[in-house]
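Below you'll find the structure, written out as structure tokens, and then a few comments.
What follows is calculated from the coordinates using simple rules that are stated; it is not laboratory data. What you are looking at is a predicted structure, and each value in this text was computed from that prediction instead of being measured. Counting neighbours? That spans all protein chains shown, and the Cβs are built from the backbone with ideal geometry, glycine included.
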Amino acid sequence: MTAHSALFLDRDGIINVDRGYVHTIEEFEFTPGIFDLARFWVHEIDRPIIVTTNQSGIGRGYFDETSFAQLTEWMCSRFEIERAPIARVYHCPFHPEDGVGSYKADHGWRKPAPGMFLQAASDFDLNLARCIAVGDRMSDIEAAAAAGIGLRILVQAKDLQSAPGAPSYAHAPDLRAALAILRAHVSASARSPASSLNFPQ
């Protein structure tokens, strides 16, 4: 059985504008271009969209799991309306220094650790080398690289200088550019059946 590919999206800064510990519908503003990118993946590739998000605001006591779950349900319903359903949302509420009580932990799911990606690979029978991750922080890229994600896209307004030894990534100034990279990657993979990044037919 051929393992599937998936598109991994960070939340704050990719799906929504990052205003810091967003946890209400009123604060939540979708990032321009996110639905176009998601629809392309769902309709052209027909593989799952999976969200992996650090949510230390829970661990810090700024909001609770119920608030996060309610916002997540609303967010996923909007993706359904936009014909780009999200298969699952993984989140890590822990923080090693600022977490409160049991949330003060250096958890394997907190990016830059790869735990959320590895759990998704188990849950969805994924070949992570055939997957794509889109994030707006180097911790997203580092986590994806540690998990073995084949294509990593960093969405930032400015070019970044990576530290020596940092994992490689494709740079996109915005989600429109990220979609162009995704389209080019899919097209190149289709032309190269032997490529380890080729998507299953």
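The table below gives the values:
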| quantity | calculated |
| --- | --- |
| GNM result for the chain, Cα springs below 10 Å: residue of Ala188, Ala147, Ala129 fluctuating most strongly | Ala188 |
| GNM result for the chain, Cα springs below 10 Å: residue of Ile15, Ile50, Ile81 fluctuating most strongly | Ile81 |
| Percentage of interatomic Cα-Cα distances in region 66-132 larger than 14 Å | 68 percent |
| Derived scalar couplings ³J(HN,Hα) [region 44-57; Karplus, 6.51 cos²θ - 1.76 cosθ + 1.60; whole Hz; x for Gly, Pro] | 8, 9, 6, 10, x, 9, 10, 9, 10, 9, 6, 9, 5, x |
| Pairs of Cα atoms farther than 20 Å apart, region 7-191, % | 53 percent |
| In degrees, nearest ten, helix 65-81 long axis to first principal axis of the chain (Cα) | 30 degrees |
| Antiparallel content of DSSP bridges confined to region 7-191, in %, to 5 | 5 percent |
| Nonlocal amide H pairs with Arg88, under 5 Å, H built at 1.01 Å | Val51 |
| Estimated dipole of region 7-191 in Debye, rounded to 20 [Cβ of Lys and Arg +1, of Asp and Glu -1, Cα centre] | 560 debye |
| Sparse-neighbourhood loop sites, GluC sites (Glu not before Pro) in region 1-93 - DSSP loop, at most 13 other Cβ within 10 angstrom | Glu29 |
| Sequence-distant residues sharing a close amide H with Ala170 (under 5 Å, placed H) | Arg152, Ile153, Leu154 |
| Angle in degrees between helix 115-124 and the longest Cα principal axis of the chain, rounded to the nearest 10 | 60 degrees |
| Residue-averaged 222 nm ellipticity for the chain, from DSSP H runs of 4+ at -39500 (n - 2.57), nearest 500 | -9500 deg cm²/dmol |
| Between 0 and 90°, nearest 10: helix 138-147 axis offset from the chain longest Cα axis | 60 degrees |
| Computed lengthening from Lys104 to Ala69, 0.36 nm per intervening residue step minus Cα-Cα distance | 10.6 nm |
